[in-house]
């Protein structure tokens, strides 16, 4: 089966976070599982400057409003799987992927309407037409909508099957109804049964309504998003399509995240020889200016500083956390300005206990994950989460709010195969109780060794996830199960 993945980002070409990490690893894992797979991205500036030789393979014309917009399809040579970029400098030759700190680019609706049309124009005319198109998040949501709402435009693709993956339902690509002309679709599709949601065009809804199968990135999140609490206004749509919805847990690139060979930390270690982790912890404290306190654990947050990630909960708990536990805290991340300022203020007030690095710094993130003893993820919701998977691979025990993929991937320490600590209520008391339990376990050498070994031995590789996707693809083929 020939499969084309359509996404807005993929490491190392362009990434803003988890979506790029997933699309950086999933294609190669699918290929290893026997899928004939390729990837198509917007021709962001970073994609075209990634160092791969570029070969034009097609010219495309895509309708946008009352215009026909030209673009090129470029093949990025020497990649792990065939990778292509839709080159349209007016839309994609920009410093950032989606916008600046001041907000989204004002033409994002037009940019990604063009992207979807250009992808279909290319797939319609290429000699290597796919059997299945697998779109990711709102940026690719119009691909199924254009293909199914106007099949006469793409008769060559009539038999193509469609899968769409929700990586984070909170991001939907919602644009005001006056932008409808950009889509060049019949007005009847601007209705609650199709692309309209609360008076806006909802790009993600296009992927949900028109695809043959919907996936999301953990089993629990697949259940949660069918509820008003976590459905972000689309829970009704997802309940209607529940028979088509499944949760496939994300994986991690266990060659990139491997403490035995990772070049970023100062020492290497493994499940059978964990001694190097102590050197990583000492070096991290020195790097961050924290005093050596070998009798107290180092608690880390490596995260976007946003409301979703529960940073306010941590800030509300911080004074008691420092008073009631011996932990030192390190925060690495960037995001909302008021949260950045609040984290800086805590670090300035408690320089011996709290270190903050307000930045997106990938090498430092590896050093923090390797050197920390505990990882805190107090997310309000978390579709899957990757940081807790990285942490377990490095023997850094996660303390997580039991939601979405965090609940699916962390086994509570009380169980035989425990790998970390979970708290159910989203409260300061519940967070503190979990951290206190984690500190007690860390101080018990036998318990710490048990949990670290369980965590480092857990299989979060993309091989497992790729097999699940390959099985889903096969079920959608003619005669599939």
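So here's what we get for this one:
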quantity: Filtered residue count, the range 29-62, keeping only those that are over 20 Å from residue 116 (Cα atoms), surrounded by 17 or more Cβ atoms within 10 Å (Cβ to Cβ) and in contact (Cβ under 8 Å) with a residue 60 or more places away in the chain; calculated: 4
quantity: Failed item in (1) under 19 Å from residue 16 (Cα atoms); (2) out of contact with any helix residue (DSSP H, G or I) (no Cβ under 6 Å at 6 or more places or on another chain); (3) buried (at least 17 other Cβ atoms within 10 Å of the Cβ), with residue 100 passing the rest; calculated: (3)
quantity: Elements of type strands (runs of 3 or more DSSP E) contained in the range 294-398, each with 1 or more residues being modelled with pLDDT of 95 or more and closer than 30 Å to residue 231 by Cβ; calculated: 298-302, 328-333, 374-377
quantity: Criterion: assigned to a helix (DSSP H, G or I), more than 22 Å from residue 314 (Cα to Cα) and at pLDDT below 95 - qualifying residue of 448, 464; calculated: 464
quantity: Test: residue 414 is farther than 20 Å from residue 309 by Cβ, surrounded by fewer than 21 Cβ atoms within 10 Å (Cβ to Cβ) and touching a strand residue (DSSP E or B) at 6+ places or on another chain (Cβ under 6 Å); calculated: no
quantity: Single residue of the range 428-440 satisfying the filter (free of Cβ contacts under 8 Å to residues at least 60 places away in the same chain and surrounded by fewer than 21 Cβ atoms within 10 Å (Cβ to Cβ)) that is farthest from residue 460 (Cα to Cα); calculated: 429
quantity: Residue in the range 66-78 that is surrounded by 13 or more Cβ atoms within 10 Å (Cβ to Cβ) and part of a loop (DSSP other than H, G, I, E, B) present; calculated: no
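The values are calculated or read from the model by the stated rules, or taken from the named source; none is laboratory data. Since this is a predicted model, take the numbers as computed values, not measurements. Every residue, glycine among them, receives a Cβ derived from its backbone with ideal geometry; neighbour counts consider all protein chains shown.
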